[in-house]
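The values are calculated or read from the model by the stated rules, or taken from the named source; none is laboratory data. Only a predicted model underlies this, so the values are computations on that prediction, with no experimental measurement involved. Ideal geometry is used to build each Cβ from the backbone, glycine not excepted, and the neighbour counts take in all protein chains shown.
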Amino acid sequence: MVIELQLWHLISLLLSFFGAVWGSAKMLAAQFEKRIGERFDAQEKRGELTNERIDDLSSRFDDLDNALRTLKGDSGGHLRHTDLDDLRREQKDDREKLYTRINTIDAKMNQVIGEFRTTRDTLQMLMNKITQKGLE
C-alpha cells in the first residue's frame, strides 16, 4: 500500500495540527485565567468581610474606652479594682479573637500565594514548551 502526499497536503496537515495544538493551549490558558480571576474575587470578598469585622471590633474597643472614661468620671477619677478586672477580661477576650482571626487569615493567604505561584510556574512552563515547539 502506497500513501502519496503532495507537499501542499503535508503543509496543510501540519498547519492544521499546530493550529489545533495552539487553540487548545489558548483555551486552557483562558480557563486558568478565569479560575484565577474567580479566586481573586473570592479573596476580595473575604477581605471585605474581614475589614467589616475589624471595624466592628474597633467600635467595640471605642465603646470600652468610653465606658472606661465614664467609670473614671463617675468614681471621681479612681476605678474600683473589680471594674478594671472586668474591662481587662473583656479586652483580653476581644484581643484573643482578633489575633486568632488574623493568624487564620495569614495562613490562608500564604496558602493562596503558594497556589498562585504554582499556577504561574505551570503556565510559564506551558508557554516555554509551546514556544520551543514553535521554534523547532
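So here's what we get for this one:
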read-out: All positions within region 90-136 that are exposed (fewer than 12 other Cβ atoms within 10 Å of the Cβ) and more than 25 Å from the chain's Cα centre (by Cα); value: Lys92, Asp93, Asn128, Lys129, Thr131, Gln132, Gly134, Leu135, Glu136
read-out: Residue list for region 1-39, filter: loosely packed, with under 11 Cβ neighbours inside 10 Å and among the aromatic types (Phe, Trp, Tyr); value: Trp8, Phe17
read-out: Pairs, first within 21 Å of Met125 (Cα to Cα) in region 1-27, second of a type outside the set (Gly, Ala, Ser) and modelled with pLDDT under 95, C-beta under 9 Å, six or more apart; value: Phe18/Lys133; Val21/Ile130; Val21/Lys133; Trp22/Ile130; Ala25/Leu126; Ala25/Met127; Ala25/Lys129; Ala25/Ile130
read-out: Residues being exposed (fewer than 11 other Cβ atoms within 10 Å of the Cβ) and either among the polar types (S, T, N, Q) or at pLDDT below 75 (or both) - total across region 51-73; value: 6
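Rundown of residues vs (1) among the hydroxyl-bearing types (Ser, Thr, Tyr); (2) more than 30 Å from the chain's Cα centre (by Cα), yes/no style:
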site	(1), (2)
Ser12	yes, yes
Val21	no, yes
Ala25	no, no
Ala29	no, no
Ile36	no, no
Thr50	yes, no
Arg53	no, no
Asp63	no, yes
